[in-house]
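Just below is one structure, and these are the notes that go with it.
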Amino acid sequence: MNSCTTEITKGPHSIRCCPFCSGGGHLTFCGLTPTRYGIQCRNCGASVPARHASHQDAIRAWNRRSGLAMLGGRATKGLRSRRKLAAARRNLKTARQWKLIRQRVETAYTAIKPYREKQLAETEAAIAADRAWLKEREPLILANPVLRTMYESLTKRDAPAQTEYSHGVPGASWRQPGRVNRHNRRSGLCQGVR
């Protein structure tokens, strides 16, 4: 029978690391009708044989860790093997690399933090200055119908959207912001729109 492999790393049926070497496991399957599924470690070759009817059953069997696999490193405590030493070296090297990366990121963060705070303060000051400039020129903007519609659309975008409803009030109409109705046409806000 020909054996093929597939990876499943995320989701409800994710494959846990190998209990012996902490390597990644991958799904194996044999045959086409019926297809049988198993799991095998990429590093040390530990496996759950391809005897299970579904890949979920194979993953459950791998993740259950019964027997010696449940003990992990305690099963081979005191025994030295090339495979175990290689896995220990690999794990130590990876841990050192992650520690170095973490230290560099923390150093960069502490170095950049004052600049980011300064940049944030400058941005907030620029926004406040722009809003003051806009408030100062608000009467001129509202006098021009084109600028008025643009200004209203910008202020509506900044404020939470609100819809006005009138329930049984005589003479009141249903209006939604930005919607063209007879009130907008009469006031000249939407000239040219019919």
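Odds and ends about this structure:
- Subset of region 97-140 (residues that are under 16 Å from residue 154 (Cα atoms) and β-branched (Val, Ile, Thr)): 127
- Counting only helices (runs of 4 or more DSSP H) that sit wholly inside region 83-194, those with at least 2 residues that are modelled with pLDDT of 80 or more and over 38 Å from the mean Cα position of the chain (by Cα) are 138-143, 145-158.
- Of the residues making up region 40-63, those that are surrounded by fewer than 17 Cβ atoms within 10 Å (Cβ to Cβ), in contact (Cβ under 8 Å) with a residue 12 or more places away in the chain and part of a strand (DSSP E or B) number 2.
- Residue 19 satisfies every condition listed in (1) assigned to a loop (DSSP other than H, G, I, E, B); (2) at pLDDT 80 or above except (2).
The values are calculated or read from the model by the stated rules, or taken from the named source; none is laboratory data. Everything numeric in this text was worked out from a predicted model, so none of it was measured. A quick note on method: Cβ atoms are made from the backbone with ideal geometry, for glycine too, and the neighbour counts reach across all protein chains shown.
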